[in-house]
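**Student:** Quick one: the structure is below, questions incoming.
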Amino acid sequence: MQTNPTHTHRLGLSAIMTALAVFAVLPLLAQGFFGRVPVVLDGVPASVGVGDSLGEALAERPSLARSGDLLAVTDGRVVLSGGGEPAHVRLNGRPVTPDVRIAPGDTIEVERGADAVEPTVEETHAISIPTKVVGQGAVLTMAAPGSVGVQRVSVGTVSGDIVTSETVVPPEPMILRRMSGDRKKVVALTFDDGPWPGQTDKILDILKREQVPATFFALGVYVKRHPALVARETREGHDVGNHTYYHPNLTTADPKKLQREIAGTNAAIKRAGGERPEWFRPPMGLVNEQSYALLKAEKVRPVLWTVDPQDWHRDAEAARIERAVVDGARPGSVILLHDGGGDRTETIKALPGIIGALRKRGYEFVLLDGLPQAPKARW
Ligand SMILES: [Zn+2]
């Protein structure tokens, strides 16, 4: 057979054409006619979209490429799901970035990101001043002002958990000393929670007859309602003290409100014809560092009591009130009684007996200024 170069040439051309066609079609076949590219994903045959980058392919499988979680520094609970390290992805055994395009037959391995522990931050907190009341007397004086402490805490930035807490500077307590008097036989009668019509006036009658001075710790709200009783107290030589406006607990009241309670009561007493009160009695006898500072700023002197016959009690009886006062009285005692806040029939009934019995024992009645431990304040 004779070879025909032209034919040979033709044959060669067609082989090249075929090869070219196959070369062009093969990748298409490999990619599939449905737009998917076969790969091996975590050891399992799978397919991804044509032209997908690694990131796009994995976005279709969020459960595979999960980031780790962010854990609380204290107990390891999850505080932010997916807040840990990102997933590790390897393409054909090599770490790659998500923008790499996937080729047919690629092997993709995905490893969930590691959990991470939240960072911590150091914070400094102030420790408030505790209050310590010492001594036995009625008049409160400040023996030490106290100082705030400093606490350093390490806090988880996401959880807010306190990891460590260390007292750098301990707080020093404010020390309030209850001053007691010397042996001078004087006592001070005090009446709280008035003025109270029908009761305060009866008490004033007895005190006038017996020529005994007393201190009335009035509530601003009643002073405003019954100014004539306050005027009479002042006129007859008694002291009118401040017992707040509405009888709040000083240790829990808002400082701004408390300031109004004290200033408002002072103003009400002055408007009723009284003098600006020098003395202040904390409701329930409760006082703390903050309220003590406020009393000082308002220039009133806090005074508690040393004898409490519980005349406010529902079952109080005149005879028992009298006995409790007479048995409890010591030189310098401050006696707590009530002219308001409820029915004080038994207090009124007990009062002449109290005065008589204490006089018989050599006691003299004085205003609070007359107590040896409470000389007149110099503002
Ligand atoms: Zn009271």
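The values are calculated or read from the model by the stated rules, or taken from the named source; none is laboratory data. All values derive from a computational prediction rather than experimental measurement. Cβ sites come from the backbone with ideal geometry, for glycine too, and all protein chains shown count toward neighbours. The protein model used for the area step is the full one, side chains on, heavy atoms only, and it has no ligands, DNA or RNA in it. Shrake-Rupley method; radii C 1.70, N 1.55, O 1.52, S 1.80 Å.
**Student:** Going by what's in this entry, would residue 112 be described as modelled with pLDDT of 85 or more, crowded, with 17+ Cβ neighbours inside 10 Å, in contact with a Lys or Arg (Cβ under 8 Å, 6 or more places away or on another chain) and on the phi < 0 side of the Ramachandran plot?
**Tutor:** Values: modelled with pLDDT of 85 or more: yes; crowded, with 17+ Cβ neighbours inside 10 Å: yes; in contact with a Lys or Arg (Cβ under 8 Å, 6 or more places away or on another chain): yes; on the phi < 0 side of the Ramachandran plot: yes.
The answer is yes for residue 112.
**Student:** So, one more: Only one of 51, 68 is in a loop (DSSP other than H, G, I, E, B), surrounded by fewer than 15 Cβ atoms within 10 Å (Cβ to Cβ) and touching a residue at least 24 places away in the same chain (Cβ under 8 Å). Can you tell me which?
**Tutor:** Going through 51, 68 in turn, just one is in a loop (DSSP other than H, G, I, E, B), surrounded by fewer than 15 Cβ atoms within 10 Å (Cβ to Cβ) and touching a residue at least 24 places away in the same chain (Cβ under 8 Å): 51.
**Student:** Which of the residues that make up region 317-347 are of a type in the set (Val, Ile, Thr), touching a Pro at 6+ places or on another chain (Cβ under 9 Å) and within 22 Å of residue 198 (Cα to Cα)?
**Tutor:** If the condition is that a residue be of a type in the set (Val, Ile, Thr), touching a Pro at 6+ places or on another chain (Cβ under 9 Å) and within 22 Å of residue 198 (Cα to Cα), then 321, 335, 347 are the ones that fit.
**Student:** Tally the residues that are more than 16 Å from the ligand (Cβ to nearest atom), acidic (Asp, Glu) and over 22 Å from residue 369 (Cβ atoms), restricting the search to region 297-343.
**Tutor:** Residues meeting the conditions: 4.
**Student:** Quickly run through region 337-375 and pick out the residues that are open to solvent by less than 40 Å² (accessible area, probe 1.4 Å) and part of a loop (DSSP other than H, G, I, E, B). Full working, then the answer.
**Tutor:** So the first thing to find is which residues in region 337-375 are open to solvent by less than 40 Å² (accessible area, probe 1.4 Å), and the list is 337-340, 342, 344, 347-348, 350-351, 353-358, 363, 365-366, 368, 370-371, 373-374.
Of everything in region 337-375, those that are open to solvent by less than 40 Å² (accessible area, probe 1.4 Å) and part of a loop (DSSP other than H, G, I, E, B) turn out to be 339, 340, 342, 344, 363, 366, 371, 373, 374.
**Student:** Can you pull out every residue in region 146-161 that is free of Cβ contacts under 8 Å to residues at least 24 places away in the same chain and closer than 13 Å to residue 72 by Cα?
**Tutor:** First pass over region 146-161, keeping only residues free of Cβ contacts under 8 Å to residues at least 24 places away in the same chain: 148-149, 160.
Of everything in region 146-161, just one residue is free of Cβ contacts under 8 Å to residues at least 24 places away in the same chain and closer than 13 Å to residue 72 by Cα, namely 160.
**Student:** Let me ask you something else. Do you know which of the residues in region 40-61 that are of a type outside the set (Asp, Glu) and closer than 17 Å to residue 97 by Cβ is farthest from the chain's Cα centre (by Cα)?
**Tutor:** Of the residues in region 40-61, the ones of a type outside the set (Asp, Glu) are 40-41, 43-51, 53-55, 57-59, 61.
Restricting the remaining residues to those that are closer than 17 Å to residue 97 by Cβ gives 48, 51, 53-55, 57-59.
Details: 48: 57, 51: 60, 53: 54, 54: 52, 55: 49, 57: 52, 58: 49, 59: 47 Å.
Ranking the qualifying residues of region 40-61, first place goes to 51.
**Student:** Name the one entry in 104, 130, 95 that is open to solvent by 50 Å² or more (accessible area, probe 1.4 Å) and without any contact (Cβ under 8 Å) to a residue 40 or more places away in the chain. Steps first, answer last, please.
**Tutor:** Working: 104 fails: without any contact (Cβ under 8 Å) to a residue 40 or more places away in the chain; 130 fails: without any contact (Cβ under 8 Å) to a residue 40 or more places away in the chain.
On inspection, the qualifying residue turns out to be 95.
**Student:** Here's a follow-up. How many residues, within region 142-164, are within 19 Å of the chain's Cα centre (by Cα) and open to solvent by 70 Å² or more (accessible area, probe 1.4 Å)?
**Tutor:** Result for region 142-164: 3.
**Student:** Has region 171-193 got any residue that is of a type in the set (A, V, I, L, M, F, W, C) and open to solvent by 70 Å² or more (accessible area, probe 1.4 Å)? Spell out the reasoning first.
**Tutor:** Our first condition is that a residue be of a type in the set (A, V, I, L, M, F, W, C); within region 171-193, this holds for 174-176, 179, 186-189, 191.
Then keep just the ones that are open to solvent by 70 Å² or more (accessible area, probe 1.4 Å); that gives none.
There is no residue in region 171-193 that is of a type in the set (A, V, I, L, M, F, W, C) and open to solvent by 70 Å² or more (accessible area, probe 1.4 Å).
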